[in-house]
1. Within segment 402-454, can you find the residues that are hydroxyl-bearing (S, T, Y) and either surrounded by fewer than 22 Cβ atoms within 10 Å (Cβ to Cβ) or touching a residue at least 60 places away in the same chain (Cβ under 8 Å) (or both)?
2. Which condition from (1) in a loop (DSSP other than H, G, I, E, B); (2) free of Cβ contacts under 8 Å to residues at least 60 places away in the same chain; (3) of a type in the set (D, E, K, R) is the one that D203 breaks?
3. Which is within 17 Å of the chain's Cα centre (by Cα), part of a loop (DSSP other than H, G, I, E, B) and either among the aromatic types (F, W, Y) or farther than 25 Å from L409 by Cβ (or both), of N98, N54?
4. What's the number of the condition K457 fails, among (1) touching a residue at least 40 places away in the same chain (Cβ under 8 Å); (2) among the basic types (K, R); (3) on the phi < 0 side of the Ramachandran plot?
5. Kindly provide the set of residues from segment 103-116 that are more than 15 Å from V154 (Cβ to Cβ) and surrounded by 13 or more Cβ atoms within 10 Å (Cβ to Cβ), ordered by number.
6. Quick check on my filter: what residues within segment 117-166 are small (G, A, S), within 18 Å of P397 (Cα to Cα) and in contact with an Asp or Glu (Cβ under 7 Å, 6 or more places away or on another chain)?
7. Just give me the residues in segment 48-91 being crowded, with 24+ Cβ neighbours inside 10 Å and among the charged types (D, E, K, R), in sequence order.
8. Mind telling me which of the residues T197, T152 ends up being in contact with a His (Cβ under 9 Å, 6 or more places away or on another chain) and part of a strand (DSSP E or B)?
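The values are calculated or read from the model by the stated rules, or taken from the named source; none is laboratory data. All figures in this text were calculated on a predicted structure; none of them were measured in a lab. In this analysis, Cβ positions are derived from the backbone assuming ideal geometry, glycine residues included, and neighbour counts consider all displayed protein chains.
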Amino acid sequence: MSISNKKSLIIIFYMIVCIVTMLGCKKAKIAQKPNILFLCIDDLRPELKSFGANYISSPNIDMIANGGISFLNHFVNAPSCGPSRYTLLTGQYGPPNNNALFLRAKKIREGVETIYPSLPEWFSAHGYTTVSVGKVSHHPGGRGGVDWNDSTIVEMPNGWDKHLMPVGEWKHPHGAMHGLAHGEIRSAKSRMDVFQTVEGNDDIYPDGAITNEAINQLRTLSNDTKKPFFLAVGIIKPHLPFGAPKSYYDRYKGVELPEINYPQKPEGKTTWHQSGEFSQYNSWGKNPNDNLAFADEVRRHYAACVSYADAQVGKIMAELKRTGADKNTIVVLWGDHGWHLGEHAIWGKHSLFEESLHSPLIIHYPGMKHEGSKTDAIVETLDIFPTLCDLTGIEIPKFTQGVSLKTILENTNEIGHPAIAYQDNAKTIRTITHRMTIHNDGFIELYDQTTVEKETKNIADKYPELVEELKKELKVKLENN
């Protein structure tokens, strides 16, 4: 072989090596895209030790807060599970009812209008394996039918690669959603106790099965070196009925609870209601609004459920760390809305008061600079979709109606932006200083959040210019809905 031919072969060899190396680097770069672990907690008030509630035992959520940034003024866009999760999973305002995602699915089937991709669909299109376990959309497992297990009625078509709901002793997702210990299923609501505590381990309630399946999925997903994962896990507690293993209730024995703020029924027209969701359960003829001892028992059982949910979070986080995937995983913890524990004489959600709309949001991502910080910026659930896109480096879709929170994550002193929420009879806007609620009949509530009265004194008639300014801002925010 001539010297020139040898040189040609050497050159070709090195070119092949370079091409292979470049392709390998490209693949490695794709594989290094961060994973997402999204933890949804049902009915979770921002009442955690890391959020200033020292009497609450929440060590695992607090650990996420210590490694992330806590949004102290995160507000959901609707005070009910279904519509709140709609905004999370679509990045858009939507119907105010619990069937919001099923209505979207119906439009997809009918094909009469453009329906934009959901959050999991968008990430799937950008190379992610997407898995949901537990209650992430309104129905745990994402299916319809009487028992919420009819695979022909899908809540989020084209959504998750897997949409899982282990039911254990509770037979079906509907049974698990409101299940109590050892497979007890809600049949007649009035015969199911509003709270319960039972000796046993975490698996005697449905969230034990959800957590075990989440851990199984995490093990599988973390072994895939070719694709990043988006794993969403929905913990049911502290949703009603308040049931948790006795060990969690025992944490609150002898603990002095803080006084209930503003326990009186509000005067005048508001979004107050008669706590129908709470009242449908057996409460042994007691009313927490006029029985302080019973009110304290309800609050202790709610706290026990928070600690139980926190323990499930801890198991999932421990598995994330064990796999080593924690080093390249964004972790988000989100409450789907707040919950009144006696404030304004309400026991439940479904109002447009602060207690229904205020929920925790914590975000951690690899390489963040302000671990353990808190921000007072006003943000809303609608912002999560674009934020996750921004943090993973994928395109933020133009159809999302929120804004990325990355700038706030990088500078926690930013003030954020007004938050919008709505239900079928009214809508509301929350700024850094005020909340204005406008009813469908035009009646206005305006509250100054900087005063001690907060949402107990309607000052709308005193500040007509501010009312008009907020009405315009609310209209602009909602005009594309």
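1. Those that are hydroxyl-bearing (S, T, Y) and either surrounded by fewer than 22 Cβ atoms within 10 Å (Cβ to Cβ) or touching a residue at least 60 places away in the same chain (Cβ under 8 Å) (or both): S404, T407, T412, Y422, T428, T431, T433, T437, T450, T451.
2. Only one criterion is unmet by D203, namely (1).
3. Just one listed residue meets the conditions, N98.
4. (1)
5. Y116
6. Result: S124, G159.
7. Within segment 48-91, just R85 meets the criteria.
8. Unique residue meeting the criteria: T197.
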